[in-house]
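Report on the following structure.
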Amino acid sequence: MHYAESVLETIGNTPLVRLSRVTEGIAATVLAKVEFLNPGGSVKDRIAQAMIEDAEAKGLLRPGGTIVEPTSGNTGVGLALVAQQKGYRCVFVCPDKVAEDKRATLRAYGAEVVVTPTSVAPDSPESYYGVANRLTDEIEGAFQPNQFFNPAAPAAHEASTGPEIWRDTDGRVTHFVTGVGTGGTITGTARFLKRVSDGAVRIIGADPEGSIYSGGTGRPYLVEGVGEDMWPGNYDPSVVDEVIAIGDAESFAMARRLAREEGLLAGGSSGMAVAAALRVARGLPADAVVVVLLPDSGRGYLQKLYSDSWMRSHGFAAADAGPTVRDVLA
Ligand code: PMP
């Protein structure tokens, strides 16, 4: 019999899938690392498991302990599923602007969700960071993973994502492209790939136009999960060769193409990363191998970038859906 002892064993070892349609006119091989096939639906399962196991090893988290994190997104799902399997209580704090669906996903795993008002200053004790810190201080045995600064997050990518890419490309990967949010994915994966290739693998960050990694001021953009308005401790610019800024319109258009042309229903940050990867790949010879990471699924964005009316109401082109069945039969 071939089975996983628990869902935790199914984290990682995600496949590389060749992109063959959106790469028209490109000689290089472009391979997508499909992280939405992790059990929690995103790349964040990797760091959730790593941060929790690191805290256990250091005695920061003991049986009966509580995990508290100010997050509502993919990291929350990863933490919720790992905490559930390991028997920890899990409390998430998120602002009230976070969609009810996201909170419901966390509760579905048995986590508790505390909702705070959006309309307070980030340094206010009522902000979601402030409330998370207070809960961490006051709940006995509480531990806050803090994905922006916890070195176990990049270490997880150094120990798993990087080695998987190297193994699955037989060491032929020449370029690695990924979006930058907390910086954990790019930093850890790059550290491994730079080390095994003697610095030969080129590391390219993709960043939303307006975000600081590509020289912006943090001005708003709509793609989720990537970009920053402050420098998190987990981003190590010394292992990044280049950062490419991609606008929302191009990110969303590419995500929609991935679904319709490659059968990969992914989030907006995946569209952004692939748009950057194609810019990189365009000038490369046939023996180049570009790996681009797709962090999460498009299922969480059906009412946003996958909705034609949402796209149009935000000023983005929504590809003409073409004739309806009724038009065809008329
Ligand atoms: N895309 C999505 C959808 C994310 O949630 C994140 C994590 N914030 C990223 C990309 C970026 O990953 P990292 O935080 O490791 O830089």
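The values are calculated or read from the model by the stated rules, or taken from the named source; none is laboratory data. Model, not experiment: these values are computed from the prediction. Here the Cβ is made from the backbone with ideal geometry for all residues, glycine too, and neighbour counts use every protein chain on show.
Does the stretch 310-322 contain at least one residue that is over 24 Å from VAL201 (Cα atoms), among the charged types (D, E, K, R) and either surrounded by 10 or more Cβ atoms within 10 Å (Cβ to Cβ) or out of contact with any Pro (no Cβ under 6 Å at 6 or more places or on another chain) (or both)?
yes
Residues in the stretch 95-128 that are out of contact with any Ser or Thr (no Cβ under 8 Å at 6 or more places or on another chain), at pLDDT below 85 and within 15 Å of VAL68 (Cα to Cα): there are none. Just to verify a result, which residue in the stretch 29-54, among those that are in a helix (DSSP H, G or I) and among the aliphatic types (A, V, I, L, M), is nearest to the ligand (Cβ to nearest atom)? Among residues in the stretch 29-54 that are in a helix (DSSP H, G or I) and among the aliphatic types (A, V, I, L, M), the one nearest to the ligand (Cβ to nearest atom) is ILE47.
When the stretch 31-59 is filtered for residues that are farther than 15 Å from LEU265 by Cα, among the aliphatic types (A, V, I, L, M) and within 19 Å of the chain's Cα centre (by Cα), the ones remaining, listed by number, are LEU31, ILE47, ALA48, ALA50, MET51, ILE52.
Of all the criteria given as (1) small (Gly, Ala, Ser); (2) surrounded by 20 or more Cβ atoms within 10 Å (Cβ to Cβ); (3) more than 17 Å from GLU69 (Cα to Cα); (4) out of contact with any Phe, Trp or Tyr (no Cβ under 7 Å at 6 or more places or on another chain), the one not satisfied by GLY184 is (3). Across the stretch 229-243, which residue is farthest from GLN147 (Cα to Cα) among those that are touching a Ser or Thr at 6+ places or on another chain (Cβ under 7 Å) and more than 11 Å from the ligand (Cβ to nearest atom)? Step by step, filter the stretch 229-243, then rank; the result is VAL243. If only residues of the stretch 190-215 that are touching a strand residue (DSSP E or B) at 6+ places or on another chain (Cβ under 7 Å) and part of a loop (DSSP other than H, G, I, E, B) are counted, the one that is surrounded by the fewest Cβ atoms within 10 Å (Cβ to Cβ) is GLU209. Reported count of residues in the stretch 271-328, each being away from the ligand (no atom under 15 Å from the Cβ), part of a helix (DSSP H, G or I) and of a type in the set (A, V, I, L, M, F, W, C), is 7.
Note on the stretch 169-216: among residues that are small (Gly, Ala, Ser) and within 10 Å of VAL243 (Cα to Cα), the one that is farthest from the ligand (Cβ to nearest atom) is GLY215.
Evaluated against (1) touching a residue at least 40 places away in the same chain (Cβ under 8 Å); (2) more than 12 Å from the ligand (Cβ to nearest atom); (3) out of contact with any Pro (no Cβ under 9 Å at 6 or more places or on another chain), ASP248 falls short on exactly one condition, (3). When the stretch 175-189 is limited to residues that are of a type in the set (Gly, Ala, Ser) and part of a helix (DSSP H, G or I), the one that is farthest from SER42 (Cα to Cα) turns out to be GLY188.
For ARG299, are the conditions met, namely being over 15 Å from SER42 (Cα atoms) and surrounded by fewer than 22 Cβ atoms within 10 Å (Cβ to Cβ)? Spelling it out, it is not the case that ARG299 is over 15 Å from SER42 (Cα atoms) and surrounded by fewer than 22 Cβ atoms within 10 Å (Cβ to Cβ).
Scanning the stretch 133-152 for residues that are buried (at least 21 other Cβ atoms within 10 Å of the Cβ) and of a type in the set (Gly, Ala, Ser) yields one hit, ALA152. Quick one: ASP101 ticks every box in (1) touching a residue at least 12 places away in the same chain (Cβ under 8 Å); (2) among the charged types (D, E, K, R); (3) away from the ligand (no atom under 16 Å from the Cβ) bar one, so which box is it? The single condition ASP101 does not satisfy is (3).
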